[in-house]
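Trainee: I'd like to ask some things about the structure below.
The values are calculated or read from the model by the stated rules, or taken from the named source; none is laboratory data. Here the structure is a predicted model, which is why all the values come from computation and not from measurement. Virtual Cβ from ideal backbone geometry, glycine too; neighbours counted across all protein chains shown. Accessible surface is based on the protein model in full, side chains and every heavy atom, while ligands, DNA and RNA are left aside. Shrake-Rupley method; radii C 1.70, N 1.55, O 1.52, S 1.80 Å.
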Amino acid sequence: MSAIESVLRENRVFSPSAEAAAGAAISGMDAYRALMAEAERDYDGFWAKLARETLAWRKPFTKVLDESDAPFFKWFEDGELNASYNCLDRHVEAGQGDRTAVIFETDDGVVTHVTYRDLLERVCRFANALKRRGVKKGDRVVIYMPMSIEGVVAMQACARIGAPHSVVFGGFSSKSLNERLVDVGAVALITADEQMRGGKALPLKRIADEALAMGGCEAVKSVIVYRRTGGNVEWDASRDLWMHEVVAQEAATCEPEWLSAEHPLFVLYTSGSTGKPKGVQHSTGGYLLWAAQTMKWTFDWKPADVFWCTADIGWITGHTYITYGPLALGATQVVFEGVPTYPDGGRFWNMIEKHKVSIFYTAPTAIRSLIKIADADEKVHPKSFDLSSLRILGTVGEPINPEAWVWYHQHVGGARCPVIDTWWQTETGGHMIAPMPGATPLVPGSCTLPLPGIMAAIVDETGQDVPNGQGGILVVKRPWPSMLRTVWGDPERFKKSYFPAELGGNLYLAGDGSVRDKETGYFTIMGRIDDVLNVSGHRLGTMEIESALVSNPIVAEAAVVGRPDDTTGEAVVAFVVLKRPRPEGEEAAKLANELRAWVGKEIGPIAKPKDIRFGDNLPKTRSGKIMRRLLRSLAKGEEITQDVSTLENPAILEQLAEVR
Ligand code: ATP
Ligand code: MG
């Protein structure tokens, strides 16, 4: 691949305040550089020290990194521990049993506080119930549940008995659920009668029944159902059990299963923005280490903080920054059942105010939609709420456009709170490239620098380093503890997808394009490699054109894809959502011309979209990511033949297919 050109210039810089730096885990850039240098000097020693300090080991490890079967790396393999013990028992044993672990708020606003002692007891009871149903170490359990305390309990209970869980997001269809049950070979399924989101009930149990009826998953012997709404469900007495009934008869203590650090903690299927989902398998020790450590480094977490990650437990972000990271440290965190727009677009701000949230972590897609709503209605604008408890803001999931970044910083963070743009993936287990709140000067739209110990780099198609300022392929040069161990049941696919021979076989291929700044070395993610456009021989990242469009005051969201073009090779096609109602006819043509000129001015004539289509929305995965592969088909005028089961809003495809 030749260079990807970086055309957008960002000159705003926000440095950490002296106050933020003073108390931070990593205070100042010298401290950051010292950690990085330590990792480079003695890689094993660097990780071993963190693993000993951060986790409680039943049996200490004697070996750190084992590269003998690369790329199937092993970390701390002869060490033994239990993730649930680390997340619960050790805090209770340290006298923290009365501390609030979870502040849970339902869709309709009911709040429950759960202490560490309560949570431990609930996890033990449920772990005992699973064991009574014959679930044992190494068995896989699929969890298909709403955002709930019970969902966290189910995951932790699996971890306690060494049964790898595979959480399937509650918005997935019966077909998607069936595929995952079959692929992972589940012996039990944990679900709920219904799920409440935005005032609407979704029949999880019914979908689960359908998924089981599709066949291939006869190994599932028990279906344990959490009663959320009391709605009607079909019942198969040979297999179905109520969660509240099975736990009622169990003891509140359960000896954790002591496991090798390499024992699989979970398998999580990637969201499928780019194709057939892969079962990403994570380890117990290395994964948990990084979940906890990144809480300290990227979020500068302190015991007084109230942490809130708005992700669903069905995604990696919910695994690492709800179920494992915060609990491993003994943090107090908010867990939310609902959606940001119900009962209105002020829900997040209202909850931050009410629960005095100090660290808030959400996705660019949520921010962009809330900007649109706040602009239209002052009552739900963040300025109408007391957000003074906030200290740190985070974002993940997609590149955040500089304009959305600046709005988040100014209106949510009151220009006080650093915006921590965290680049990482299901496969990486935890944050990889992100600023440190007390050290890194921030540049909107850039995820800045790798975390200490993470050897990220940018290379060309042959695996050679490219100079700063030149775009290329984002890779990681050394294995790190929380990396995926394999693709469940498909080691060949693991090797091919993540350590391709074309790059020499020893670089982790992330699949994203990136560029480093000439002066600072900061990373900017330019989108997925598959999404890079080639216009008249110039390789352009979709992200920059989208950012240019979104920086126009009338634009709420934009997605850019390529379409084959006789003269330029590829032409830029933009799908745009305005902050005003969708324009049609002449008005649409006029606005399209204006936006074309705007992109020409912001980036250059080469990036001007040939075709601009307006929609009420964009096709997104259920995790909120724009599905560019579908837009590519629409741009070419093709019929959609791809699997759209993970799409949040399938109806939008028809609207966007219309050629003006
Ligand atoms: P699939 O791999 O099945 O297509 P997915 O890649 O969307 O799904 P995730 O692992 O949840 O599943 O997402 C990781 C991807 O999200 C990254 O590879 C990157 O493209 C994007 N991403 C995540 N965080 C950021 C960020 N801070 N900046 C830019 N892109 C990001
Ligand atoms: Mg991916």
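Trainee: Looking only at the stretch 379-393, filter to residues that are of a type outside the set (A, V, I, L, M, F, W, C) and open to solvent by 30 Å² or more (accessible area, probe 1.4 Å); which one of those is farthest from ligand 1 (Cβ to nearest atom)?
Mentor: Only one residue fits best here, namely 379.
Trainee: Which residue pairs have Cβ atoms under 7 Å apart, sit 6 or more places apart or on different chains, and have a first residue in the stretch 305-328 that is at pLDDT 95 or above and a second that is polar (S, T, N, Q) and part of a helix (DSSP H, G or I)?
Mentor: That search, which allows pairs on different chains as well, returns 309/317; 311/317; 313/323; 316/426; 323/156; 325/294; 328/86.
Trainee: Let me ask another. When residue 474 is evaluated against the numbered criteria (1) surrounded by fewer than 22 Cβ atoms within 10 Å (Cβ to Cβ); (2) free of Cβ contacts under 8 Å to residues at least 60 places away in the same chain, which criterion, by number, is the only one it fails?
Mentor: Tallying (1) surrounded by fewer than 22 Cβ atoms within 10 Å (Cβ to Cβ); (2) free of Cβ contacts under 8 Å to residues at least 60 places away in the same chain, residue 474 fails exactly one: (1).
Trainee: Answer yes or no: is there a residue in the stretch 586-595 that is without any contact (Cβ under 8 Å) to a residue 12 or more places away in the chain and either in a loop (DSSP other than H, G, I, E, B) or touching a Leu at 6+ places or on another chain (Cβ under 9 Å) (or both).
Mentor: no
Trainee: Kindly check whether there is at least one residue in the stretch 194-203 that is without any contact (Cβ under 8 Å) to a residue 12 or more places away in the chain and farther than 22 Å from residue 267 by Cβ.
Mentor: Checked against the condition, which is being without any contact (Cβ under 8 Å) to a residue 12 or more places away in the chain and farther than 22 Å from residue 267 by Cβ, the stretch 194-203 yields at least one hit.
Trainee: If residue 399 satisfies every condition in (1) crowded, with 23+ Cβ neighbours inside 10 Å; (2) away from ligand 2 (no atom under 16 Å from the Cβ) but one, which is the exception?
Mentor: (2)
Trainee: Still on this structure: Among the residues of the stretch 278-288, is there at least one that is touching a residue at least 12 places away in the same chain (Cβ under 8 Å), of a type in the set (D, E, K, R) and more than 16 Å from ligand 2 (Cβ to nearest atom)?
Mentor: There is no residue in the stretch 278-288 that is touching a residue at least 12 places away in the same chain (Cβ under 8 Å), of a type in the set (D, E, K, R) and more than 16 Å from ligand 2 (Cβ to nearest atom).
Trainee: Do you know which residues across the stretch 394-426 are within 16 Å of ligand 1 (Cβ to nearest atom) and either touching a His at 6+ places or on another chain (Cβ under 6 Å) or free of Cβ contacts under 8 Å to residues at least 60 places away in the same chain (or both)?
Mentor: 395, 400, 405, 408, 419, 421, 422, 424
Trainee: Oh, and also: For residue 68, indicate whether it is in contact with a helix residue (DSSP H, G or I) (Cβ under 9 Å, 6 or more places away or on another chain) and among the hydroxyl-bearing types (Ser, Thr, Tyr).
Mentor: For residue 68, the condition - in contact with a helix residue (DSSP H, G or I) (Cβ under 9 Å, 6 or more places away or on another chain) and among the hydroxyl-bearing types (Ser, Thr, Tyr) - is not met.
Trainee: If I filter the stretch 434-452 for residues that are more than 16 Å from ligand 2 (Cβ to nearest atom) and over 28 Å from residue 30 (Cα atoms), do I get at least one hit?
Mentor: There is no residue in the stretch 434-452 that is more than 16 Å from ligand 2 (Cβ to nearest atom) and over 28 Å from residue 30 (Cα atoms).
Trainee: Looking only at the stretch 402-433, count how many residues are within 16 Å of ligand 2 (Cβ to nearest atom) and either of a type in the set (Asp, Glu) or part of a helix (DSSP H, G or I) (or both).
Mentor: Going through the stretch 402-433 one residue at a time, the tally reaches 3.
Trainee: Here is a follow-up. From the list 609, 650, 581, pick out the single residue that is exposed (fewer than 14 other Cβ atoms within 10 Å of the Cβ), more than 25 Å from the chain's Cα centre (by Cα) and not in a helix (DSSP H, G or I).
Mentor: 581
Trainee: Another question about this same structure. Filter the stretch 191-223 for residues that are within 20 Å of residue 241 (Cα to Cα), out of contact with any Ser or Thr (no Cβ under 7 Å at 6 or more places or on another chain), charged (D, E, K, R) and open to solvent by 60 Å² or more (accessible area, probe 1.4 Å) and give the result.
Mentor: Correct list: 206, 218, 221.
Trainee: If you don't mind, there's one more thing I want to ask. Restrict the check to the stretch 625-646 and report whether at least one residue is within 26 Å of residue 377 (Cβ to Cβ) and surrounded by fewer than 20 Cβ atoms within 10 Å (Cβ to Cβ).
Mentor: No; the residues of the stretch 625-646 include none that is within 26 Å of residue 377 (Cβ to Cβ) and surrounded by fewer than 20 Cβ atoms within 10 Å (Cβ to Cβ).
Trainee: Give 265, 202, 181 a once-over and let me know the one that is more than 16 Å from ligand 1 (Cβ to nearest atom) and under 20 Å from residue 119 (Cα atoms). If you could, list the steps in order and put the result at the bottom.
Mentor: Values: 202 fails: under 20 Å from residue 119 (Cα atoms); 181 fails: under 20 Å from residue 119 (Cα atoms).
Sole residue among the options that is more than 16 Å from ligand 1 (Cβ to nearest atom) and under 20 Å from residue 119 (Cα atoms): 265.
Trainee: Having 1 or more residues that are away from ligand 1 (no atom under 13 Å from the Cβ) and surrounded by fewer than 24 Cβ atoms within 10 Å (Cβ to Cβ) is the bar; report the strands (runs of 3 or more DSSP E) wholly within the stretch 503-546 that clear it.
Mentor: Once the strands (runs of 3 or more DSSP E) in the stretch 503-546 are filtered for at least 1 residues that are away from ligand 1 (no atom under 13 Å from the Cβ) and surrounded by fewer than 24 Cβ atoms within 10 Å (Cβ to Cβ), what remains is 533-535, 538-540.
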